[in-house]
Every structure is written in C-alpha cells, then in structure tokens.
Amino acid sequence: MSSQLSTPKSGLGGIASIPGTPIHTIHSMRRKGAGHHGPLTKLLVANRGEIAIRVFRTAHELAMHTVAIYSFEDRMSAHRQRADEAYQVGSGLTPVAAYLAQEDIIRIALEHGVDMIHPGYGFLSENASFARKVEEAGIAFIGPTPEVIDGLGDKTKARTIAVAAGVPVVPGTPGPVETYADGDTFVKEHGFPVIIKAAMGGGGRGMRVVRSHDEFKDSFERAVSEAKSAFGDGTVFIERFLERPRHIEVQLLADGEGNCIHLFERDCSVQRRHQKVVEVAPATHLPEETRQAILNDALKIARYVKYRNAGTAEFLVDSQNRHYFIEINPRIQVEHTITEEITGLDIVSAQIQIAAGATLAQLGLTQEAITKRGFAIQCRITTEDPATGFQPDTGKIEVYRSAGGNGVRLDASSGFAGAQITPHYDSLLVKCSVSGATYEVARRKMLRALVEFRIRGVKTNIPFLFRLLTHDVFINGKTWTTFIDDTPELFKLVQTQNRAQKLLGYLGDLAVNGSSIKGQMGEPGLKQEIEIPKLPNRDDPEGAPLDTSVPCQIGWRNIIVEKGPEAFAKAVREYPGVLIMDTTWRDAHQSLLATRLRTIDIANIAKETSWALANAYSLECWGGATFDVAMRFLYEDPWERLRTLRKLVPNIPFQALVRGANAVGYTSYPDNAIYEFSRKAVESGLDIFRVFDSLNYFENMRLGIDAAKKAGGVCEAVVCYSGDVANPKKTKYTLQYYLDFVDQLVNEGIHILCIKDMAGLLKPQAATLLVGAIRKKYPDLPIHVHSHDTAGISTASMIAAAAAGADIVDVAIDSMSGLTSQPSMGAVCAALEQTHLGTGIRYDDIQALNQYWSQIRLLYSCFEANVRASDSSVFEHEMPGGQYTNLMFQASQLGLGSQWAEIKKRYAEANELCGDVIKVTPSSKVVGDFAQFMVSNSLTKKDVLERAASLDFPSSVVEFFQGYLGQPVGGFPEPLRTHIIRDKPRIDGRPGATLQPLDLKQIKADLRTKFGKHINDADVSSYAMYPKVFEEYQTILEKYGDLSVLPTRFFLSKPEIGEEMHIHIEKGKTLIIRLMAIGSVDETRGIRDVWFEVNGEVRAVPIEDKSAATETVRREKASSEPGSVGAPMSGVVVEVRVKEGQEVKKGDILCVQSAMKASDPIVSFPNPGG
C-alpha cells in the first residue's frame, strides 16, 4: 500500500531517548514508521476537546507527530496536553472566535512544520474558505475539497445537487433566503409548519421549527442571529416540516477518485433542539427496501460530486417510510463512534490516509469487505440540567468516575475531577458508546454504564438519559425526531443522590469553620467510639449476654395494635403494679441537652431498650420541641426518626407530647392541619398522644383530643399543674379547679389522664392529695403523673403519687435524670421493687442502659447549661424544667448571665403580670420573653404597669394578650391587656376556629415543584407546622444530603487531619473518609479546597472560609424589584433587541443569550413601560 505518510524525525528532544517513558514508546513506534512512506508526518487539529483527542489518538497510532491549538480559555483543557505540541490561537479574540481564526491557525501550522490539518467537527470543519486557504498554504486538508464543501456545506446548494442527482428532497425554498420578506413570501404560499435551517454548519444551531405566522418573524431573526454567531454566516433556508419523521444518516467514505462506499446507517432520531442526544447503529425497524434505497441515494449524491474523505448523508423518513435527503455533512460526525463499533473500522484513520493520497482500494475498503456486526448506541453526556430546560451548567467537576467494561467506549476531554466547565463551548462532557449482539443487549449495557458514572460538581443529563432509555418507545426502537418534545414524562427525573460529595461538603465546612449548630459550646466531651452494652441473660447458666440482634416482640403495644386504645387503657388500669414511661428519648434531653439528641444515638440503643424496658408503659420519643429542633438544628426529618425507631422497637408504645389545637407548633393552625398531622403520626408509628394546652384552655384541648382519637391513637389528656393544691394560700389553682377540669376531659371520652407538672412544683403531699381525689372520683380512669426534678423532690413525689393510685409515673434513665429532667428510673424502680407497686423493670437492665447513656451525656456535654444542683426557688418562679436550662443559656448569650437571679425574680413578676398563667410551651415562652424584656430594660412589675401604654413589648407577649394562644384561667388582666395590645385585634375564642382549611394537595404540589418529587404527605404536615423551618431544612438537605447518618462526634467536631471516619449510608454501604489536607485560602473568593480520601479516592471540596477577608467582586444579581431581569443561565449576550429609551411591553425580547449550544431570549417582566 502506497501512502504519503512516513517515519517522522524525532522532535521530542532528549527525553525521547529515555526508555520506559510514554514519549520514548511513541518515539520508538514512530521510528518503525508503521509501514508508511512519504513526507506527511505532522498533523494539526483545528479543533478542541473530545474530537481533538480522538484524532490525536489515531494519528499517534499512525506514527504521526501531533499539534494542538487552544484558546486562552482552554489553556487548562485536556486536549492541549494530549498532543506533542500545543500553541495558543486567536489571542485577544472571544473563546469561540479563537477557533475560527483561519489566518492564525495556518500561521501556527506553517511555523511549526505541519503537513496536515484535521478540522474535526463544528468550528471551521464546513468552511470552504478555510479548506482552500489550507491547501493554498501547501498543507493537506483532511476532508472534502473546497469545491465540494462549498457545494454541500451550503444546504441550499446541497438541495440543488440532490435534485440534479435524482434524489428526493423535502419541499422548500430553491435557494438561500436573504431577507425576512423572502421567507414570508414562501410561508404564505406553502403554509405551516416549516423549519428554518442555517445554510452553513449543523448541530441544531440556527434551526427553528415554526408552526404559526405569529412566531415566524422572531424565529427567523433568531435563526439568522444564531447561525451568524456560530458559523460566521447568517444564511438560512426554509423547508416544510415533516411531523414525527425518523432521522437516518449514512456514513460515507470516498477517495476523490470516483470510489465511494457506505458504512451503513445510523438512527439519530432522538434529538432535542435539533441536537442529537442518543444515536443507534444500525437503525431498528427500518424496512430493508427503505434501507437500501437510502444507502443507494447517499452513494448517488457522493459520486455525483466526486466526494473525497468522510461525510454523512442525512435523510428524513416519514411515517410511510418515504425518505427525503436533507443534507450532507462534509466532515466527521460526533456519532461516528458507533459506526466504528459495528464495522470495526477506524474512520479517522481512513480520513488521514485518504488525505495523504491513499485510495479506498489501497486501504482494503471495498463495499463487499464492509460488514456490520450487532448494534451500538451512543449517549452524549452533557453538563446540561434537564430539570431546567437543559440549561447548560458550569462549574468545577468535583468527582469524576467513569464507566467501563466489556463493550463500553468513552470519548472525552473534560472528564476528570478538577476540570472547569465554562459556558464558552459545547456542553458535551463525554460520549459513551456501547456495543452488543442485539439492540436490547446494547441498551442494557448503556444503562449499566450510566449507572457506573459518578459526576459531581456540575449537573448532567444522566438522569434524563435513564428515563429515555427505559421508556417503552425507546425500548421498542421506534423513536422520532420530536420524541423528546412530545413525551413530557421523560422529564419526571430520578435524581442521583450524590451522598458522598454532599457529606464531604458538610465535613469540609466543619473542618474550616467549625460547628454551626446553634447552642453548641466547645467540642463534644467524648471523641472515641461509644460502647453498646450487653444485657444480662438470666436464662443462660453460663452468663452469656442476651441476644438483642432482633428487637423484642413482647410488650404493651401489642394490646393497642390487636385490641385498640380502650382495651389498652383497661389493661393499664388493671395492672397490679406501677408502670413507667421513660422520657430519655424526649423530655430528658430537652431539659438537659437543649433537645439536641440525634436519631442515630437513640437508634444505636433501641433494640437493647426494647428488651430492657419491655414492660414499660411507653417511651416518650416525639413531639414537644423535638419536632422543630430536629429540622432547625439537627438537620433531620422528625418523621423519619419516628419511622426508624418504630422498626427497632415494635413492642413498646411510643408517646408524643402534642399541644392540643397546635399539634407540635407554637401558633394556631386550621383544624384540618391538626387532623392530618395526627393521622400521619399514627401511620408513622405513634401510639399515644399526650394532649395538653399551655393555658389549660378546654376548647383547644377538645380539638386535640378529637384529632388523636380519630387518628386511632391512645388519647392521654393532660391537666397542666401549677400552684400547690396542698397550700391553702394558693387560691387560683385549687383541688376543685383541677377536679372540674378533669370532669371536662373525661366527658370528652379520653383514654388516660395525665397530671403534667412542668416545673417540678408537685410536692409529695400535693401528689397524694390530687391523685387520691381523682382516683376516688374516677376509679377506672388510668392516671399518669409527670414531673421535673428541679427542686430535687420529684422522686418522692412519684412514689407518693404511685401510693395514692397513679398507674404510670415518668422517669428518665439515671445518667439523664435529675435537675431539670425527670426523676431517676433506677431510684424509683428500686424504691417500688419490694412493694406491691413494682414496675416490672429489672435493676441490672437499667444499669446496662445507663452505661450507654453515661457516654451519650458526655458526648453532648457541649450543650449542657451550667446547672449543677437542685434549685428550690422553682417554687417561687415556677419555670418549666426545659425552659429553666434554655433560659439560662439564652441569658448568657444576651450578656445577662450574671443577672440570673434577677431573671428568675422578673420571671415570677412577669407571670403575675400575665395573670398567673399555666406555664408550659408556648405560654412559658411568653413569660420568659417578658422577663428578659424587663431585665434588659431595667423594668420592675410596677414600672410595667405604669408605662404599659408606651412600652414596645415583645411580639410573643402582645400576641398572648391578643388571645392567639387561647384564653387563660381567670381571663386576661385589665387594663394591662388594653395597654399592651392597643388597637390590635382581640381573639376571644379558640384562635384556630376561624381559620380557613389548608389546601394540602396544593401545598404538596408547590413543595414538589420547589424541592422535588421526594416531598410526601408527612413533609406537608411539617411545612404546615413550620413553613420557614421546613424550607430551610430542605435547603440544607439539598446542600449536604442526609446528615443523620453521620456519627455525632463527626457531626459536631472538627475532623482531624488523618482521622478515619466510617459512615454507614445504607445497608451494606459504608463510606470510609479521611481528611487529608486543608488548602490555603483564595483571597479573591474566600475559598479553601479541603482534600478528603473517600474509599481510597482523593476528592477536593471547595469550602467558603467564613473568617477570611476577601476582595471578591460580586456581579449584580437580579432583585425582586419590578423591571429587574435576571439571566436564565450563565453565558454571553449575543444580540440586543432594544435601545435606550425604548418603551418595553410585557413579553418583549430584550436580548438573546448564548451558552454552549443553547440560545435563549431574555424577555421583560410584567412591568411594561420600564
């Protein structure tokens, strides 16, 4: 075989002689000459990215020396490094214009001894002028002759050639359309729909489908503008638009000597904006006679023009299988790879050798020798976001893991971690081509390859490709050109989780900025692994521990599930001893640790708890402040906490504290929101609703009771305790008051009564008196007593209550008890153990659990308030236990820590000013805010009464006096109420009674639009309770992913360099993460790169250093002001349609923006005349 290729002389310098180096290997290969002879040895690719690398690879195989060109913006591009030499082109020009700088490209070629130029695709690949200049410079152009490019590159001329060759074409304009008026004449004569096409170039640019005359003028102008911007030539032509045709193209090779062959066809019907997305070779379900006719017509045109080199003849096939020629692309195509896969040929190699003078016969390329085998599919993976109309995404690729394996081919350029994706060029990231024996085998192989990709840092179209390849139409191989536009369900995307990278974002922020969890003071007190204790097995004579690998199945919950709430309440009342409720999972940590206990630390001991506390009445694990704190500060889903714990503890009833008509919120809600919340709670695993009202306001209680019962839950109605029933001087909350209130609750059909002592005011003698009186009046009513140990007497009070007839008492595990928490479980159980009131909970089991919670208490010590001893002053100020610690912390944060005694005094006065109210969240918050207001402003009770009409009270205080929480016992004090609320409205009934029902379906739809398809009915209830908190939580979830999987020491502590973290993200999947290094700060952006090793792979995460002083210049962002218009994507403005001073109407196009291959108009907001 004769050819002009020859062995190149070494241009590699001394390093070429070093054995074992890649350059030495290539140099040695070139010395062997690969059997070529002649002067053509050095090849330049006048292109960039993936196609440049593709050509370099083949050139190296042919023992050629390679030269790359690159724009300034591409100076870090991979293609520059894949060539033997690389030179910047088009200095001072725009990113695209640099690759269109014909004179500069030829200058570089001549200066560096280039023999051949390959144009790739796009840019100058179809520019006859460039091809002519290349050849005039004495350089071989790898492509058709300039005359053929001129004839076929211009699609209007190509139509004329096709007609002359006897090949059918789509009806259209006979030549280029010079003006809008000419185009208007054609469409008025031939009607719609039509398609406007750029005469030069392809890739969907300069192409518009127009279906009505109203949109024709704008579409024509945009097509012309886009064609001119992309190809330097705004010439267009117009054709009739065929509905739902297939796009079939034929790969051609010709040698300019009259010899021409085809390499079979490709189906490129799956397109968007006339840009191919997925290609298949050969075409499926194409009748053989149609296939042969298309192949023959493609050869007919190529021979007619004496075609040279590679090209692609493109046809449309209508529903009757009639084919129409549309164009010949006189260049290599993006999708040439799948033809190579089914034929086994290297098309680029053939291109180079034909340009060097070889004939098809010399290359052994005869039509009879070309065979096809199996099927191949190519997917173009791009940095486009399908969820936002395929807008190009830009940024830094943080993670890049590619596919591979049998039958998978990848052609890429920017496919690597650290690559910077800019808006200047095509959004193509990698071409993934697969081959298989059948179409279905290839399709499944492509799905497998897509699954293997991990691309993080920029959005990609991979989720869309999943939907596309699994759609029935694609599975059956019967797509058409507008299939994507005609199939909206393709955009119901399944988003990738990106869990590891999101977690690294959180850990990186923690490493750079420290913990952002509100209320945390310092580092956790425990850094090592927490030991899970073993429970003793009393049935094993050898003392082996109890097997707790599966949860215990025996417990009180079975009665609720099998027989219902009434049977459960009856069984509780008939129990001969006293039952306990463990508050460790809610009120204990709310009182001691600012409600910061995370789900993972409860779940880790849950199975053991199911065995140790199998005879417990319930575990309080939900409601109260835990609901909003989970989202607000712990970045967890409270519903998922409930569902997770339920699976681990199926036997013990779960209890939640709910605020009557407010559920777990702090304000009023429409009734349907409360009923829906209660329904979802039971559905998620809740059993017992402890329903209370912060003012003992019965109307609020009535709604909560009804909602709990209708949801199928056990209704434990609460009478909130204040004052002292044993003290005759306390005349507001007397024994008779409580008995009267209990009467109202019993009449509502409650299942269980709870006496809730929020502050620890219930003394033993008062407990005996109150419980005894209720038991006497209601012998069959189960009674549950709750208290706090702030004053240090609650253990005695619980024992007294049990002796007086209480059925259940509240306790906490020893290491989480005492002070503002509940009394000690071990103390209460031990005290009752040898009596007829035994709890059925074994002491050694309690101690085993206590080993675990002792470690947890130390772990969370960074949230503890400085409460070191009991405080009997609670009998004066009456602060609830949880508020006591929270208010102490808040006081210190406000600089009032040294005035704690003063705050307690003012709290008592604030309570009196409010009318001596029941104090439990949210009413206790009102009193607390009032007290801090008084301390901050040096006000006494007397001052407030005298100056109330002029003081600016906290909003919570004003709303309380308006009646937003309900009506307090004895009403509001006057004239203080009038002085505080002034002209604001008064609410004299149940606050939520007049609220309109929430449209829960619409809320769900809106949330799904904003946050994604994962939003469920429970999320809607979360949003109904806490709209702002829920949205902030969803934002954190999107940014960092599910943080609940992080062990707490890694959630709260700065990771240390070299520290290894094992994070279990799901069953059988563990991330092993190690912090490697923290980079220096980029002073222009305030960013540090934080380097991690994830399962052995190094990843870098950019983190904002919040303490760094930056010199960042921020570009102006669109505001919400009328007339402010934001860009829909990152890119450049290619055309401005308005002038200064021009009046703008609503919907007018202001300018046209271009990024990568996308072009979009920017229209005015509904603010005409701006």
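The values are calculated or read from the model by the stated rules, or taken from the named source; none is laboratory data. Everything quoted here is computed from the prediction, not taken from an experiment. Cβ coordinates were reconstructed from backbone atoms using ideal geometry, including for glycine residues, and neighbour counts include every protein chain displayed.
Against the conditions (1) surrounded by 14 or more Cβ atoms within 10 Å (Cβ to Cβ); (2) in contact with a strand residue (DSSP E or B) (Cβ under 9 Å, 6 or more places away or on another chain); (3) in a loop (DSSP other than H, G, I, E, B), where does ILE560 fall short? Just the number, please.
Of everything listed in (1) surrounded by 14 or more Cβ atoms within 10 Å (Cβ to Cβ); (2) in contact with a strand residue (DSSP E or B) (Cβ under 9 Å, 6 or more places away or on another chain); (3) in a loop (DSSP other than H, G, I, E, B), ILE560 misses just condition (3).
Strands (runs of 3 or more DSSP E) wholly in segment 191-299 with at least 1 residues that are within 22 Å of TYR121 (Cα to Cα) and of a type in the set (Lys, Arg) - which ones? Give the steps one after another, and end with the answer.
Working: elements: 194-198, 208-210, 236-240, 246-255, 260-272, 275-281.
The qualifying strands (runs of 3 or more DSSP E) are 194-198, 208-210, 260-272, 275-281.
Tell me, please, whether a residue that is assigned to a loop (DSSP other than H, G, I, E, B), among the hydroxyl-bearing types (Ser, Thr, Tyr) and more than 18 Å from MET76 (Cα to Cα) can be found in segment 415-427.
No: zero hits.
Which condition from (1) in a helix (DSSP H, G or I); (2) modelled with pLDDT under 95; (3) small (Gly, Ala, Ser) is the one that SER319 breaks?
Failing condition for SER319: (1).
Considering segment 693-717 alone, what residues qualify as being without any contact (Cβ under 8 Å) to a residue 40 or more places away in the chain and either within 18 Å of GLU620 (Cα to Cα) or part of a loop (DSSP other than H, G, I, E, B) (or both)?
ALA711, ALA717
May I ask you to list the residues in segment 904-942 that are surrounded by fewer than 19 Cβ atoms within 10 Å (Cβ to Cβ) and aromatic (Phe, Trp, Tyr)?
none
List, please: which pairs have Cβ atoms under 6 Å, are six or more places apart or on different chains, and start with a residue in segment 739-752 that is closer than 19 Å to ALA707 by Cα and end with one that is among the charged types (D, E, K, R) and surrounded by 15 or more Cβ atoms within 10 Å (Cβ to Cβ)?
ILE752/GLU716
When the residues of segment 829-849 are narrowed to those that are surrounded by fewer than 18 Cβ atoms within 10 Å (Cβ to Cβ) and acidic (Asp, Glu), which ends up nearest to the chain's Cα centre (by Cα)?
ASP844
Determine, yes or no, whether THR599 is hydroxyl-bearing (Ser, Thr, Tyr), within 30 Å of the chain's Cα centre (by Cα) and modelled with pLDDT of 95 or more.
The answer is yes for THR599.
Go through segment 51-76 and give me each residue that's within 15 Å of GLY122 (Cβ to Cβ) and either modelled with pLDDT under 95 or not assigned by TED's automatic domain parsing to the domain that holds ALA98 (or both).
Hit for segment 51-76 is ASP74, nothing else.
Every residue in segment 655-676 that is surrounded by 24 or more Cβ atoms within 10 Å (Cβ to Cβ) and closer than 22 Å to CYS720 by Cβ, please.
Of everything in segment 655-676, those that are surrounded by 24 or more Cβ atoms within 10 Å (Cβ to Cβ) and closer than 22 Å to CYS720 by Cβ turn out to be GLN655, ALA656, LEU657, VAL658, ARG659, GLY660, ALA661, ASN662, ALA663, ILE674.
Being β-branched (Val, Ile, Thr) and under 18 Å from GLN967 (Cα atoms) is the filter; apply it to segment 659-704 and report the residue that is farthest from the chain's Cα centre (by Cα). Full working, then the answer.
At the first step, the residues of segment 659-704 found to be β-branched (Val, Ile, Thr) are 664, 667, 674, 682, 688, 691.
Among the residues that remain, those that are also under 18 Å from GLN967 (Cα atoms) are: 667, 691.
Numbers: THR667: 30, VAL691: 36 Å.
In this case the residue turns out to be VAL691.
Listed here are the residues, each with its yes/no results for (1) of a type in the set (Asp, Glu); (2) touching a Pro at 6+ places or on another chain (Cβ under 9 Å).
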site: ALA865; (1), (2): no, no
site: GLN899; (1), (2): no, no
site: ALA910; (1), (2): no, no
site: ASP916; (1), (2): yes, yes
site: THR921; (1), (2): no, yes
site: SER924; (1), (2): no, yes
site: PHE930; (1), (2): no, yes
site: SER938; (1), (2): no, no
site: GLU946; (1), (2): yes, no
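Of the conditions (1) under 29 Å from GLU1032 (Cα atoms); (2) in the same structural domain as GLN883 (by TED's automatic domain parsing); (3) of a type in the set (Ser, Thr, Tyr), SER938 satisfies every one except a single condition; which number is it?
Among (1) under 29 Å from GLU1032 (Cα atoms); (2) in the same structural domain as GLN883 (by TED's automatic domain parsing); (3) of a type in the set (Ser, Thr, Tyr), the lone unmet condition for SER938 is (1).
Right, VAL649: more than 34 Å from the chain's Cα centre (by Cα) and either touching a residue at least 24 places away in the same chain (Cβ under 8 Å) or within 24 Å of PRO782 (Cβ to Cβ) (or both) or not?
On the way: more than 34 Å from the chain's Cα centre (by Cα): no; either touching a residue at least 24 places away in the same chain (Cβ under 8 Å) or within 24 Å of PRO782 (Cβ to Cβ) (or both): yes.
Answer is no for this residue.
For the structure I just gave you, tell me whether LEU859 is assigned by TED's automatic domain parsing to the domain that holds HIS589, farther than 30 Å from ILE774 by Cβ, buried (at least 23 other Cβ atoms within 10 Å of the Cβ) and of a type in the set (A, V, I, L, M, F, W, C).
Judged against the criteria, LEU859 is a match.
Of the residues ALA97, ALA86, ALA181, ALA131, which is part of a strand (DSSP E or B) and farther than 30 Å from ALA293 by Cα?
ALA86
Which is under 30 Å from PHE1050 (Cβ atoms), out of contact with any strand residue (DSSP E or B) (no Cβ under 9 Å at 6 or more places or on another chain) and not in a loop (DSSP other than H, G, I, E, B), of PHE875, PHE889?
On inspection, the qualifying residue turns out to be PHE889.
Check whether at least one residue in segment 257-278 is crowded, with 22+ Cβ neighbours inside 10 Å, modelled with pLDDT under 95 and small (Gly, Ala, Ser), and report yes or no.
The answer is no, given that none of the residues of segment 257-278 is crowded, with 22+ Cβ neighbours inside 10 Å, modelled with pLDDT under 95 and small (Gly, Ala, Ser).
Could you check ALA500 against (1) touching a residue at least 40 places away in the same chain (Cβ under 8 Å); (2) within 19 Å of the chain's Cα centre (by Cα); (3) surrounded by 15 or more Cβ atoms within 10 Å (Cβ to Cβ); (4) part of a loop (DSSP other than H, G, I, E, B) and say which number it fails?
The single condition ALA500 does not satisfy is (4).
Does segment 1033-1042 contain any residue that is at pLDDT 95 or above, of a type in the set (Ser, Thr, Tyr), touching a helix residue (DSSP H, G or I) at 6+ places or on another chain (Cβ under 9 Å) and part of a loop (DSSP other than H, G, I, E, B)?
Looking for residues that are at pLDDT 95 or above, of a type in the set (Ser, Thr, Tyr), touching a helix residue (DSSP H, G or I) at 6+ places or on another chain (Cβ under 9 Å) and part of a loop (DSSP other than H, G, I, E, B), one finds none in segment 1033-1042, hence no.
Confirm whether ALA369 is at pLDDT 90 or above and exposed (fewer than 14 other Cβ atoms within 10 Å of the Cβ). Give the derivation first.
Working: at pLDDT 90 or above: yes; exposed (fewer than 14 other Cβ atoms within 10 Å of the Cβ): yes.
Judged against the criteria, ALA369 is a match.
Part of a helix (DSSP H, G or I), in contact (Cβ under 8 Å) with a residue 40 or more places away in the chain and not polar (S, T, N, Q), is that true of ILE377?
Working: part of a helix (DSSP H, G or I): no; in contact (Cβ under 8 Å) with a residue 40 or more places away in the chain: yes; not polar (S, T, N, Q): yes.
So ILE377 fails the test.
Looking only at segment 999-1032, which residues are charged (D, E, K, R), in contact (Cβ under 8 Å) with a residue 12 or more places away in the chain and outside any helix (DSSP H, G or I)?
If the condition is that a residue be charged (D, E, K, R), in contact (Cβ under 8 Å) with a residue 12 or more places away in the chain and outside any helix (DSSP H, G or I), then LYS1013 is the only one that fits.
Is it fair to say VAL96 is more than 17 Å from ALA230 (Cβ to Cβ) and either touching a residue at least 12 places away in the same chain (Cβ under 8 Å) or more than 47 Å from the chain's Cα centre (by Cα) (or both)?
On the way: more than 17 Å from ALA230 (Cβ to Cβ): no; either touching a residue at least 12 places away in the same chain (Cβ under 8 Å) or more than 47 Å from the chain's Cα centre (by Cα) (or both): yes.
Criteria not met by VAL96.
Which of the numbered conditions does ASP999 fail, given that it passes all the others? Conditions: (1) under 19 Å from TYR669 (Cα atoms); (2) in contact with a helix residue (DSSP H, G or I) (Cβ under 8 Å, 6 or more places away or on another chain).
(2)
Do we find a residue being surrounded by fewer than 24 Cβ atoms within 10 Å (Cβ to Cβ), in the same structural domain as LEU849 (by TED's automatic domain parsing) and over 22 Å from VAL658 (Cα atoms) anywhere in segment 586-601?
Looking through segment 586-601, at least one residue is surrounded by fewer than 24 Cβ atoms within 10 Å (Cβ to Cβ), in the same structural domain as LEU849 (by TED's automatic domain parsing) and over 22 Å from VAL658 (Cα atoms).
With the condition being at pLDDT 95 or above and polar (S, T, N, Q), I'd like the helices (runs of 4 or more DSSP H) fully within segment 743-862 carrying at least 1 qualifying residues.
Passing ranges, in order: 764-777, 794-804, 843-859.
For ALA848, state whether it is touching a residue at least 60 places away in the same chain (Cβ under 8 Å) and over 24 Å from THR768 (Cα atoms).
yes
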